Structures are given as C-alpha cells and as structure tokens.
Amino acid sequence: MASNYSGTWDMVSNVNFEGYMIALGIDFATRKMAAMLKPRKVIEQEGHQFSVRTLTTFRNYDVAFKVGEEFKEVTKGMDNRLCQSVVNWEKDKLVCVQRGEKKNRGWTHWIDGDELHLELTCEDQVCKQVYKRTL
C-alpha cells in the first residue's frame, strides 16, 4: 500500500537549491530571494489523486494530478516553463518526470517517519529538501 502524503509539511532543510535554480535558468535576483524562503507544502491525497500547494511569502504554486496520467504543467512557481509531466508510484515513492525544454527534469517525493523528502532534478543538478509534518 502506498504512503498517505496528506498533511501540512514545513521545510527544515534545503541542499543545493542554488545549483538547481541555475540549471533552470532562474535569474540572480530571483534565486537570492527564493533561497531565503521556507516553503510549506499542503498535500491532499485521495487514492491516486493529488493536490499539492507550495506556499511561501513570495509566490505560491499549485499542482493537481492523478498518478499514471500525463498532464500539462506550467512551472509557474519556478521558471514558468511548459512541461508534459507524469507522476508514477515506485514502491512508496512518487516519481515525476517533466518533459520539456530542460533535460533530466523531475522530482521524487517519499515519506520517512514524520519527514517528507523531495529530490528535485534538472540537467546535472539535484536539490534535496526535507519537510516535517506539522498538521
């Protein structure tokens, strides 16, 4: 059985976010502002249907998807690119592949205890984030 991702999660660590943003082509000023943010994720899961809200004081980003179904995604919270995205289960991990302008782009989410882990990839960069469940 897949993990239940529903809940509110606050960021506690963020490794190589700068490298990831450079790979996305994000400008210097936006990178500096984004690096100071401590996002909160609000995830609602009903079976294989997900709604993920990433909330910050600068910008919010919402995405909804059904596992296994490809969808068009505009990465409005980051680099404003259009991607063809698909999220699949790999055991208890959610793995997203984002096809578009950038190579090797996507993310992986998994839960370990009361921590939500997120690895973001773009080209040769990997950003590792950890969130703690708050509600």
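The values are calculated or read from the model by the stated rules, or taken from the named source; none is laboratory data. Predicted, not measured: the structure shown is a model, and the values here were computed from it. Ideal geometry is used to build each Cβ from the backbone, glycine not excepted, and the neighbour counts take in all protein chains shown. Accessible surface is based on the protein model in full, side chains and every heavy atom, while ligands, DNA and RNA are left aside. Shrake-Rupley method; radii C 1.70, N 1.55, O 1.52, S 1.80 Å.
Things to note:
- Proximal lysines to Lys72, defined as alpha-carbon separation beneath 26 angstrom and excluding residues fewer than eight positions away on the same chain: Lys41, Lys91, Lys93, Lys102, Lys103, Lys128
- Separation of alpha-carbon centers, segment 11-55 and segment 84-124, rounded to whole Å: 12 Å
- Debye intensity ratio in log₁₀ form over the Cα atoms of segment 5-135, taken at each q of 0.17, 0.19 Å⁻¹: -0.91, -1.19
- Over segment 7-61, accessible surface divided per residue gives 55 Å², non-protein components excluded, 1.4 Å probe.
- Global form of segment 21-73, assessed from the alpha-carbon gyration tensor, a/c cut-off 1.5: oblate
- Measuring only protein heavy atoms, the 1.4 Å probe finds Trp89 accessible over about 60 Å².
- For the set His109, His117, solvent exposure ranked by accessible area (probe 1.4 Å, protein chains only) runs largest to smallest as His117, His109.
- Rg to Rh, two decimals, where segment 58-135 supplies the alpha carbon set and Rh follows Kirkwood: 0.96
- A run of the chain free of exposed loop cleavage sites, with GluC sites (Glu not before Pro) counted only in DSSP states other than H, G, I, E and B and at most 12 other beta carbons within 10 Å, reaches its longest extent at 1-68.
- Here the simple spin-label model places points 7 Å from the Cα toward Cβ, and for Asn4 and Asn104 these points are separated by 3.7 nm.
- At R0 = 22 Å, FRET efficiency that the Cβ-Cβ distance of Phe58 and Ile22 yields, to 0.05: 0.75
- Using C-alpha pairs under 8 Å with a sequence gap of at least 6, the mean separation divided by the residue count of the chain gives a relative contact order of 27 percent.
- Note on Met33 and Glu69: the extension gain reaches 9.6 nm, defined as 0.36 nm multiplied by sequence separation minus the Cα-Cα distance.
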